[in-house]
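The values are calculated or read from the model by the stated rules, or taken from the named source; none is laboratory data. Since the model is a prediction, treat every value here as computed from it, not as a measurement. Here Cβ is always computed from backbone atoms with ideal geometry, including for glycine, and neighbour counts include all displayed protein chains. For accessibility, only protein heavy atoms count, side chains too; no ligands or nucleic acids. Shrake-Rupley method; radii C 1.70, N 1.55, O 1.52, S 1.80 Å.
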Amino acid sequence: MQRLNLPFTGIPSFCRLPVVTDFEELDVDVAIVGIPYDLGCQYRSGARMGPRAVRNASTLYSLVDVGYYDHELDEYLLKGVRMVDCGDSDIIHGDPRQCLDNAETMIRKILAKGAMPVVIGGDHAITIPVLRAYEGQDPFVLVQLDAHLDFVDIRHGVTEGHGSPIRRASEMKHISGIAQLGIRGPGSSRHEDFDSARDHGCILFGVRQFREQGLENVLAQIPKSERYYVTMDCDALDPSLAPGTGTPSPGGFDYYEVVDILRGIARMGDVVGFDFVEVAPQYDPTEVTPQVASRIILDFLGAIFLEKQRREC
């Protein structure tokens with residue numbers, strides 16, 4: 001029987017992609033992964049529901065095919081790119097260490113199969129085990145889009161909360177440089193944390209600075225590399241566009257600014273991974289936030305593989 005298979009029917013994997021949970025069978029270009037963990041939050045929890053909400057929202061883009069024509073670029077994106085949804089890493093309630101270890105193990109298995117992980121969080125602590133999974137690979141530059149610096153070293157004995165992922169990343173030998181874009185507002189960190197970030201060589205831009213200097217000038221100051229990893233916190237976006245997050249901060253990027261930044265990074269080198277974190281859908285009954293998140297993920301994937309194809313020509 002022929003099916004129309006509308007977006008609101010069936011099981012909501014990301015963009016209705018095939019689901020593969022047996023890593024021995026993994027033979028793809030992209031593996032979508034959820035890490036529904038929010039035990040690292042210092043304020044409002046709820047990002048554990050982010051992967052499910054983003055997947056559900058993404059079904060809007062599955063009516064025809066995950067590949068799509070972008071008339072602004074006059075390009076057909078993601079044609080022939082092999083993508084699957086690998087489900088979620090296992091979460092053990094009350095045991096943050098085991099949760100983060102499970103996430104790292106899952107990403108290591110995906111990388112061992114030659115696929116690029118695209119990770120949906122979860123709070124920003126999940127970026128720590130994801131980045132650790134790349135240990136032993138060629139170095140890359142980390143680019144963070146975020147309202148907050150996330151450079152806390154230790155707070156009441158906690159070293160792997162959602163305020164610490166970039167500090168922990170700065171200690172990883174396979175990360176050759178760090179750029180932090182969108183940083184703004186109170187609660188972003190103490191003065192000493194900013195000093196520490198700069199001492200580690202981090203390149204910092206607030207949204208106001210980004211707009212004053214312009215996209216190309218900012219991209220030119222991101223450390224050069226053949227390889228890049230991008231971590232994006234939902235609160236990098238202005239909360240008028242994405243209110244469904246635990247720590248919203250006024251004055252964020254708009255949608256086109258984010259997409260242009262991500263396209264620019266894709267032009268700079270190979271993107272080896274990407275995570276989008278801190279979607280907490282219960283704070284946005286309109287469901288716009290996970291919708292925007294799913295669209296940005298899809299846009300970035302399109303840009304990554306468009307640039308890969310151009311470099312191979």
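Miscellaneous remarks
- Taken over the range 20-41, the residue count meeting the criterion of being touching a helix residue (DSSP H, G or I) at 6+ places or on another chain (Cβ under 6 Å) and assigned to a loop (DSSP other than H, G, I, E, B) is 5.
- Verdict on residue 100 being assigned to a strand (DSSP E or B), in contact (Cβ under 8 Å) with a residue 40 or more places away in the chain, out of contact with any Lys or Arg (no Cβ under 8 Å at 6 or more places or on another chain) and open to solvent by less than 10 Å² (accessible area, probe 1.4 Å): no
Rundown of residues vs (1) closer than 19 Å to residue 42 by Cα; (2) open to solvent by 10 Å² or more (accessible area, probe 1.4 Å); (3) in a helix (DSSP H, G or I), yes/no style:
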| residue | (1), (2), (3) |
| --- | --- |
| 69 | no, yes, no |
| 111 | no, yes, yes |
| 119 | no, no, no |
| 125 | yes, no, yes |
| 144 | no, no, no |
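- Yes/no for residue 76 being more than 19 Å from residue 21 (Cβ to Cβ) and part of a strand (DSSP E or B): yes
- Looking across the range 167-221, just one residue is over 16 Å from residue 261 (Cβ atoms), open to solvent by 70 Å² or more (accessible area, probe 1.4 Å) and of a type in the set (S, T, N, Q), and that is 176.
- Qualifying residues in the range 19-73 (those that are touching a residue at least 60 places away in the same chain (Cβ under 8 Å) and hydroxyl-bearing (Ser, Thr, Tyr)) - the one nearest to residue 130 (Cα to Cα): 37
- The set of residues in the range 222-237 that are touching a helix residue (DSSP H, G or I) at 6+ places or on another chain (Cβ under 8 Å) and open to solvent by less than 10 Å² (accessible area, probe 1.4 Å) comprises 222, 228, 229, 230, 231, 232, 233, 234, 236, 237.
- Where helices (runs of 4 or more DSSP H) fall entirely within the range 207-313, those with at least 3 residues that are polar (S, T, N, Q) and within 19 Å of residue 118 (Cα to Cα) are at 288-312.
- Check on residue 311, modelled with pLDDT under 95 and surrounded by fewer than 19 Cβ atoms within 10 Å (Cβ to Cβ): yes
- Test: residue in the range 286-307 that is closer than 27 Å to residue 42 by Cα, among the hydroxyl-bearing types (Ser, Thr, Tyr), crowded, with 17+ Cβ neighbours inside 10 Å and at pLDDT 95 or above: yes
- A residue that is surrounded by 21 or more Cβ atoms within 10 Å (Cβ to Cβ), under 20 Å from residue 163 (Cβ atoms) and modelled with pLDDT of 95 or more occurs nowhere in the range 13-31.
- Restricted to the range 146-159, and to residues there that are open to solvent by 30 Å² or more (accessible area, probe 1.4 Å), part of a loop (DSSP other than H, G, I, E, B) and not β-branched (Val, Ile, Thr), the residue that is farthest from residue 272 (Cα to Cα) is 156.
- The residue list 277, 288, 292, 272 contains one member that is among the aliphatic types (A, V, I, L, M), under 29 Å from residue 13 (Cβ atoms) and over 17 Å from the mean Cα position of the chain (by Cα), which is 288.
- From the options 163, 177, 157, residue that is over 17 Å from the mean Cα position of the chain (by Cα) and modelled with pLDDT under 95: 157
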